[in-house]
Ligand code: PMP
């Protein structure tokens with residue numbers, strides 16, 4: 001591996017001149033870990049190659065989508081064939097129908113509407129929930145991310161069950177005044193919010209298993225409790241599976257709890273894996289709720305590139321190839337890396353907790369289990385930053401934040417996993433010295 005990062009540094013300098021912070025999504029910057037992001041020229045399987053020719057085992061996987069690894073030959077072939085016929089028509093196509101059928105077959109939704117990003121999916125699901133119920137309040141959990149929807153970029157107000165305040169400049173108070181933000185896993189807070197505002201709550205939206213504060217598996221029965229509480233008050237339960245969908249298991253997080261316990265969300269959102277590395281996302285759910293959507297019903301929602309034939313072809317090929325063997329491989333590779341991370345951090349005396357749901361996992365740099373965002377916020381982010389930089393120096397590209405899942409793919413073979421294992425002890429020692 002060449003140690004030079006000259007070309008990345010040069011591109012980052014040019015990027016900063018023409019793009020705020022030099023990146024097109026803040027998570028790509030290295031603000032939390034120090035140093036400059038590497039600019040990627042190509043990727044194959046589990047490996048990224050940067051513009052200087054350095055290679056890295058990729059533990060970001062495009063923040064989730066690349067379930068099969070990069071440049072999968074069959075995905076590439078079907079995409080190339082689709083591109084050869086044209087790239088967007090603004091009229092319905094066959095792959096949209098087939099991808100919708102695949103999603104309906106794997107999940108409890110009766111129908112889906114495609115959009116181009118997870119943000120659009122949650123935004124549209126909330127509009128539909130409000131249109132269906134005729135109510136205006138939305139309940140969410142601190143630390144759950146649902147995209148940059150104004151109403152969901154909200155922080156808890158001064159007390160539990162009080163209305164939220166904007167989480168970023170640019171979001172007006174009026175946009176978050178209809179949002180209630182509660183601590184994750186806090187059943188009493190949920191009950192109190194519904195007792196106080198139940199007849200005004202359109203929906204409760206939650207990550208099916210939070211992955212955006214690091215991975216926090218819902219305690220057994222928690223999602224069922226949320227679904228039941230919503231039903232008791234005539235509100236809709238919106239389960240955001242943009243990250244977990246088709247990744248935590250073949251049927252997403254729902255495959256790990258709802259399918260076992262016998263309940264289903266009223267609405268769900270999907271993204272990432274179902275686009276196979278292209279911009280595609282979806283929301284779907286109960287037939288009677290989805291029937292309220294235009295043009296069948298009165299709730300408006302639309303998109304020029306929604307259901308784009310290239311994106312839906314990539315997603316369809318990805319889902320068709322994502323058989324049980326893929327999830328078994330993710331489980332096995334994940335177990336190996338989790339065990340090695342635990343051993344290395346313990347040997348170096350670095351406080352840490354490894355948490356998982358299905359095939360998804362993350363490492364928290366803290367000494368006690370993480371149940372909610374307050375727990376996750378107790379992490380030693382300086383230790384993580386040192387750990388991240390040492391992993392990068394040894395050819396492993398982790399998400400540059402302590403609050404993220406480590407993503408694997410079916411292409412993470414023995415050589416890729418061994419590269420991670422070889423890097424861990426020195427990175428753990430670097431974390432100990434931070
Ligand atoms: N919901 C969840 C659970 C997510 O993880 C994300 C993205 N990380 C989103 C919604 C937003 O998706 P997008 O970035 O495609 O807008």
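Before moving on, here are some points about what is shown:
- Secondary structure note: in region 74-321, about 40% of the DSSP beta bridges are antiparallel.
- Largest mean-square fluctuation among 416, 344, 91, in a Gaussian network model of the chain whose springs join Cα atoms under 10 Å apart, belongs to 91.
- Residues 272, 338, sorted so that the one with the fewest Cβ neighbours within 10 Å comes first: 338, 272
- For the options 249, 401, 88, a Gaussian network treatment of the chain with springs between C-alpha atoms closer than 10 Å singles out 88 as fluctuating the most.
- Value of relative contact order over region 5-99, rounded to a whole percent, pairs C-alpha under 8 Å and six or more apart: 18 percent
- Separation of alpha-carbon centers, region 1-70 and region 126-148, rounded to whole Å: 33 Å
- A crude spin-label estimate for the pair residue 25 and residue 288, with each label 7 Å from Cα along the Cβ direction, gives 3.6 nm.
- Per-residue Cβ neighbour counts within 10 Å put 185, 72 in the sequence 185, 72, beginning with the fewest.
- Among 207, 96, 335, residue whose mean-square fluctuation peaks in a GNM of the chain (springs only between Cα atoms under 10 Å): 335
- Nearest-0.05 FRET efficiency for residue 18 and residue 200, computed from C-beta distance (R0 45 Å): 0.50
- Annotation: Cα Rg of region 74-321 relative to the compact-globule expectation 2.2 N^0.38 Å equals 0.99.
- Ranked 360, 290, criterion: other C-beta atoms within 10 Å, fewest first: 290, 360
- Share antiparallel - DSSP beta bridges, the chain, percent rounded to 5: 55 percent
- Taking only the C-alpha atoms of the chain, Rg followed by Dmax gives 21.3, 62 Å.
- Between residue 418 and residue 335, the simple spin-label model (points 7 angstrom out along Cα→Cβ) gives 2.0 nm.
- Within the chain, helix-based [θ] at 222 nm, where runs of 4 or more DSSP H residues each add -39,500 (n - 2.57), nearest 500: -11500 deg cm²/dmol
- Based on C-alpha pairs under 8 angstrom that are at least 6 apart in sequence, the chain has a relative contact order of 22 percent.
Here, each number is a calculation from the coordinates, and none is a lab measurement. Quantities reported herein were computed from a predicted structural model and do not represent experimental measurements. No Cβ is skipped: glycine too gets one built from the backbone with ideal geometry, and neighbour counts run over all protein chains shown.
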